[in-house]
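Below you'll find the structure, written out as structure tokens, and then a few comments.
Bear in mind these aren't lab numbers, they're just calculated from the coordinates by the rules spelled out. None of the values given here were measured: they were computed from a predicted structure. Using ideal geometry, Cβ is built from the backbone for each residue, glycine included, and neighbour counts are taken over all protein chains shown.
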Amino acid sequence: MINLRPLTPEDIPNLPQIRPTYKSSSILEVERSGTGLEIGWRLVERDLPQPFDKGTLYDFDEIAQAEIRARLERPDDTYQRVAESSGLLVGFLDIELQSWNDTAFLWNLMIDLDYRGQGLGRRLWHRALDFARQSDVRAIMIETQNTNVPACRFYARMGCELVGINEVYYTNDSSATEVALFWAYRLPGYRPSSRR
Ligand SMILES: CC(C)(COP(=O)(O)OP(=O)(O)OC[C@H]1O[C@@H](n2cnc3c(N)ncnc32)[C@H](O)[C@@H]1OP(=O)(O)O)[C@@H](O)C(=O)NCCC(=O)NCCS
């Protein structure tokens, strides 16, 4: 049985119990077209000769833990839940309100390697949706990498739309593999008059 409960300060050093890494056998490559101001971007899924391996780059290191702690100290703007199984952390949801544009940004939705494909990501996603609805925001914003095809499929399945590409988000190196993809989930029923 997997229990969802609020994150506590004592959980933060234990977040590395969750293994958030992924491998992907394909990548969403960016193809550019056009010149000047008339530029087009297109994503093309390509199989890789070797699976892309995220390795330790998603791990909850000290910097990530400090950022999570800082959000925990702003409870009015943040919703953080852990999933626990037999005393072990196996999933994490971390979403924060962005009042300047009336949205919520999903910082983390991470399920441990051994607990994927069992509906836990969907359970946490629905918690994020409930928080966004109760906070009266107009959309949830999400960032993924073009190498994270499993997460892209998950967000597409959850009803999110791919809304942008940023080739300079992680590096100035134009030959780098990873590109940022931005997703949005527009909340039905949102009315501008209900702005906080
Ligand atoms: C992406 C992630 C959160 C999905 O969590 P999960 O618990 O495996 O997802 P669920 O089992 O709840 O799946 C929910 C739906 O998404 C679909 N889905 C999930 N992973 C999928 C995949 N790799 N390929 C295709 N569909 C997928 C499922 O088929 C399911 O649809 P259904 O309920 O209609 O059958 C999880 O794989 C993960 O933690 N990945 C590593 C960290 C990460 O990339 N997080 C997102 C970073 S932005």
Any idea how far apart ARG32 and ASP173 come out in nm if each label point goes 7 Å out from Cα toward Cβ? 1.8
How are the alpha carbon pair distances in the range 3-194 distributed across 5 Å bins from zero to the largest one, expressed in percent? 1, 7, 14, 18, 19, 17, 12, 7, 3, 1, 0, 0
Hey, if you put +1 on the Cβ of every Lys and Arg and -1 on every Asp and Glu Cβ in the chain, which of THR171, ALA70, LEU7 ends up farthest toward the positive end of that dipole? LEU7
Which Cα, out of TYR155, GLY40, LEU28, lies furthest along the positive dipole direction of the range 3-194 (beta carbon charges, K/R +1, D/E -1)? TYR155
Over the chain, relative contact order from alpha-carbon pairs under 8 Å, at least 6 apart, %: 19
With +1 on the Cβ of every Lys and Arg and -1 on the Cβ of every Asp and Glu, and nothing else charged, how large is the dipole of the chain about its Cα centre, in debye rounded to the nearest 20? 860
Point-charge dipole on Cβ atoms (K/R +1, D/E -1) for the range 4-45, about Cα centre, debye to 20: 140
Hey, what number do you get for the chain at 222 nm if only DSSP H runs of n ≥ 4 count, each worth -39500 (n - 2.57), divided across all residues, to the nearest 500? -5500 deg cm²/dmol
Any chance you could run the full-extension gain for ALA66 through ASN166? It's 0.36 nm times the residue separation minus the Cα-Cα distance, nm to one decimal. 33.4 nm
Modelled label reach - PHE182, point 7 Å along Cα→Cβ, the range 1-42 residues with backbone N closer than 15 Å: 41
